[in-house]
Amino acid sequence: MRRRQWIAAAAVLVASALALGYLYDPPWIGGVTSGLRPWEEGPPGTLFRWTAGRATFFVPSNVTTMIVPLRSVFPGPDGAPVKVEIRDNGRSVATIVLNDPEEWVRATVPLTPSAGRRRFRRIDLRISRVVNPYVLGVMTGEVSAR
Amino acid sequence: MARGARHFVAAAAVAAALAYTALYGHIHGLPHFQSDGYSYYVYLPSAIIYHDVTLEALADDWYGGRYPDPTGIRRWPSTGRWLNLHPIGTAILMAPFVLVADRLTVWSNLPRDGFSLYYQHGAGVGAILYMLLGLTILRRMLRRHFSDGVVLATLIGITWGTNLFHYAVFDCTFSHAYAFFLVCVWLWLVERWWERPTLACTLAVGGVAALNVLVRHTNGIYVLLLPLYGVVHWRDLRARAIELRDRWRLLAIAAATGAVVLAPQLALYKWVTGSWFVNAYVPHGMGFDFGSPHLADVLFSTQKGLFFWSPILLLCAAGVFVATGWARKLVVPAVVLFALQTWLIASWTVWQFGASFGHRGYTDGLALAAPMMAACFAWMAKRPRFVPLFAMGTMAAVLLSIAQMIQYWIGVLPMENTTWAQYQDLFLRFR
């Protein structure tokens with residue numbers, strides 16, 4: 001390889017390493033969601049979002065307790081309760097059972113202190129049933145954390 | 001001019017990066033996996049994350065066991081297995097980018113669900129790179145036969161005078177930018193195969209032709225470029241038939257390679273439906289009606305008329321009559337393929353191809369339009385008196401196409417069924 005090509009290859013390598021370092025813990029990741037529809041406002045002025053069969057959001061990593069408002073609206077098959085499994089960075093931490101479809105359940109979830117160096121922890125919701133044709137999981141309200 | 005032609009692809013890359021960032025440089029609600037984009041892509045999360053090519057596990061996890069109807073994925077009545085409207089080719093071409101996105105997703109602790117941020121960008125960036133690779137190949141071929149000025153004008157015309165840029169940047173998970181790349185490669189390979197039919201080239205001929213069929217089954221018509229390349233007169237057909245007969249071994253190798261590439265799709269069809277060959281649109285009530293094609297609508301209407309939305313392509317029609325040298329060798333295949341493509345599109349139930357900018361049914365074959373456009377530019381370049389007027393007209397066509405593309409992006413232009421009254425009312429309006 002010629003000198004210019006070596007320099008270009010080295011520059012690409014350094015840029016890739018820097019990009020990877022940045023992407024390990026980017027500051028904007030706290031705003032990323034997946035599997036969640038846009039915010040809507042319910043009749044009493046309650047803000048909520050529909051999930052699909054699974055959904056993800058992030059909370060700061062120093063949070064020790066999280067309150068997640070959940071409402072199923074539609075019951076499970078044959079009127080069964082809807083279950084929402086909550087995972088913290090992939091580890092199952094709670095399963096919330098929504099017996100009454102109309103009731104908002106404010107699930108309080110204790111979180112163990114985060115061992116990693118990231119600023120945010122990933123919270124995944126896995127819903128036991130999905131209502132078609134609009135792919136509705138459950139309603140989630142504004143998550144509060146402390 | 002030489003500089004412009006040399007750096008055209010870099011300039012197109014910068015323009016695509018700027019446009020993509022302006023459209024999708026945020027973290028919420030990226031639309032890449034909607035409509036056709038979803039069904040082209042869904043094979044990848046299903047295979048990479050759920051390790052399941054049947055599409056069953058993903059449906060269970062995300063949708064409670066049933067894909068939403070707009071995805072175009074339905075259970076085949078006799079087997080109850082999922083049949084995707086779209087074949088696997090686009091997903092195969094997207095795969096390297098989505099695999100990188102998958103690794104980065106794990107690295108950044110994003111949800112490894114197949115649809116989160118990096119997966120969207122992986123698929124989006126892939127389309128841009130394939131367009132740029134296609135343009136690189138096209139530029140290389142054109143520069144061997146035309147002046148730098150002609151090459152530059154042609155590349156600008158193809159990229160921004162048509163909907164190619166739109167399908168690489170805006171609707172980037174649709175198949176068209178990928179197919180454009182494959183047709184560019186195909187054109188390059190066919191030329192090489194007739195010049196020097198090596199084994200490697202033969203294998204590539206079979207593989208690329210089949211991959212193009214996997215992207216869109218009707219792209220099988222591009223195979224005709226191989227026998228028709230270089231046929232200028234009727235009398236050439238006999239000589240061509242003899243040449244093909246003399247190369248029957250190589251053709252057999254190419255066909256065998258193609259069969260190997262097609263095999264996974266055929267196996268999937270067999271498993272899902274019990275048949276090796278399936279029209280996946282049948283459950284959706286769509287098909288061809290070859291008896292009453294919408295020819296005039298497809299070519300000239302305000303709805304999706306090819307020449308109405310991309311008037312610069314009229315230069316290709318002129319190029320057919322003035323082409324010389326290399327471009328002359330492509331006139332017959334270009335005309336035959338254009339006629340076939342038009343007949344197929346015009347006979348299709350949804351001849352507008354749904355929501356789209358311009359007519360996306362022709363985007364795949366723009367590589368074959370380029371030599372005709374270049375031939376027209378070259379012919380005009382020899383008539384200096386008319387060049388300024390011609391250049392102004394061409395520039396106006398490109399600028400109009402760009403303006404209308406932006407109107408489509410910001411939601412001013414309707415996605416389909418545009419009427420003449422609507423068009424007049426919305427002409428060059430940006431709010």
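The values are calculated or read from the model by the stated rules, or taken from the named source; none is laboratory data. All of these numbers come straight from a predicted model, not from anything done at the bench. FYI the Cβ positions are ideal-geometry reconstructions off the backbone, even for glycines, and counts take in every protein chain you see. Each accessible area value is taken on the protein alone, full model and side chains, heavy atoms only, with ligands, DNA and RNA left out. Shrake-Rupley method; radii C 1.70, N 1.55, O 1.52, S 1.80 Å.
Per residue, how many Å² of accessible area does the stretch A:32-145 show with a 1.4 Å probe?
In whole numbers, the stretch A:32-145 has 48 Å² accessible per residue.
Which of the residues in the stretch A:120-137 lose at least 20 Å² of accessible area when you go from the chain alone to all protein chains together (probe 1.4 Å)?
Residues of the stretch A:120-137 that lose at least 20 Å² of accessible area once the other chains are added: A:R122, A:R126, A:V130, A:N132, A:P133, A:V135.
Could you work out how far apart the two model spin labels at B:A318 and B:L295 are, taking each label as a point 7 Å from the Cα in the direction of the beta carbon, and quote it in nm?
So the two model labels end up 2.4 nm from each other.
So what is the relative contact order for chain A, in percent, with contacts set as C-alpha pairs under 8 Å and at least six apart?
About 31 percent, as a whole number.
Can you list the trypsin sites (Lys or Arg not before Pro) in the stretch A:1-69 that are in a DSSP coil and have 10 or fewer other beta carbons within 10 angstrom?
Of the trypsin sites (Lys or Arg not before Pro), the ones in loops of the stretch A:1-69 whose Cβ has at most 10 other Cβ atoms within 10 Å are A:R2.
Calculate I(q)/I(0) for the protein assembly as shown by the Debye formula, one identical point scatterer on each C-alpha and no solvent, and give its log10 at q = 0.06, 0.08, 0.10, 0.13 Å⁻¹ to two decimals.
Once normalised to I(0) and log-transformed, intensities are -0.36, -0.63, -0.95, -1.42.
What does the highest-first list of B:262-272, B:218-228 look like by mean Cβ count within 10 Å?
Top to bottom by mean Cβ count within 10 Å: B:218-228, B:262-272.
Per residue of B:63-69, how many C-beta atoms from partner chains lie within 10 Å of its own C-beta, taken as a mean?
Mean inter-chain Cβ contacts per residue within 10 Å come to 6.
Need the per-residue list for the stretch A:28-45: every residue with at least 50 Å² less accessible surface in the complex of protein chains than in the chain by itself, probe 1.4 Å, sorted by number.
Correct list: A:W28, A:V32, A:S34.
With a 1.4 Å probe and all protein chains left in place, how much accessible area per residue does the stretch B:1-135 have, in Å²?
Accessible surface, normalised per residue, equals 39 Å².
DSSP loop trypsin sites (Lys or Arg not before Pro) in the stretch B:139-202 with at most 12 other Cβ atoms within 10 Å of their Cβ, which ones?
Passing both the DSSP loop test and the Cβ count: B:R144.
In sequence order, what are the phi-derived ³J(HN,Hα) couplings for the stretch B:378-384 according to the Karplus relation 6.51 cos²θ - 1.76 cosθ + 1.60 with θ = phi - 60°, rounded to whole Hz, with x for glycine and proline?
Working through the residues one at a time gives 5, 5, 5, 4, 7, 10, x Hz.
Output the peptides B:233-245, B:301-313, B:198-210 sorted from most to least packed, where packing is the average of other Cβ atoms within 10 Å over each peptide's residues.
B:301-313, B:198-210, B:233-245
May I ask you to find the residues of the stretch B:22-43 that are shielded by at least 50 Å² of accessible area once the whole protein assembly is considered instead of their isolated chain (probe 1.4 Å)?
The answer is B:I27.
Want the number for A:R106 to A:Y24: 0.36 nm per residue separation, take away the alpha-carbon distance, what's left?
26.3 nm
How do B:273-281, B:176-184 rank on mean C-beta neighbours within 10 Å, highest first?
The peptides rank, most packed first, as B:176-184, B:273-281.
Between B:A239 and B:R144, with labels modelled 7 Å along Cα→Cβ, what's the label distance in nm to one decimal, could you check?
About 1.9 nm separates the two model spin labels.
Can you list which of the chymotrypsin sites (Phe, Trp or Tyr not before Pro) found in the stretch A:15-62 are DSSP loop residues with at most 15 other C-beta atoms within 10 Å?
The qualifying sites are A:W39.
Would you mind giving the average projected area, over all directions, of the Cα convex hull of the stretch B:256-400 in nm² with one decimal?
11.6 nm²
Connecting C-alpha atoms closer than 10 Å in a GNM of chain A, tell me which of A:V12, A:V93, A:V32 has the biggest fluctuation.
The residue with the greatest mean-square fluctuation here is A:V12.
Counting only other chains, and only Cβ atoms inside 10 Å, what mean value do you get across the residues of A:48-55?
Shielding by partners across A:48-55 averages 3.
How crowded by other chains is A:13-23, given as the mean number of beta carbons from other chains within 10 Å of each beta carbon?
1
Rounded to the nearest percent, how much of the accessible area of the protein assembly as shown (1.4 Å probe, protein heavy atoms only) is carbon and sulfur?
65 percent
With solvent modelled as a 1.4 Å probe, how much accessible area in total do chains A and B shield from it at their shared surface, in Å² to the nearest 100?
2000 Å²
Compute the relative contact order of chain B as a whole-number percentage, counting only Cα pairs closer than 8 Å that sit 6 or more residues apart in sequence.
That works out to 18 percent.
Quick one: accessible area per residue over the stretch B:205-316, 1.4 Å probe, rounded to a whole number of Å²?
Value returned for the stretch B:205-316: 49 Å² of accessible area per residue.
Pairs of alpha-carbon atoms within less than 8 angstrom and 6+ residues apart define the contacts here; what relative contact order does the stretch B:146-222 have, in percent?
The value is 23 percent.
When the helices in chain B are scored as -39500 (n - 2.57) per DSSP H run of 4 or longer and the sum is shared across all residues, what 222 nm value do you end up with, to the nearest 500 deg cm²/dmol?
-20000 deg cm²/dmol
Based on the Cα atoms of chain B, what semi-axes does the equivalent ellipsoid have, where each is the square root of 5 times one gyration tensor eigenvalue, given in whole Å with the largest first?
34, 28, 21
May I ask for the distance between the Cα centers of the stretch B:194-257 and the stretch B:84-130, given as a whole number of Å?
32 Å
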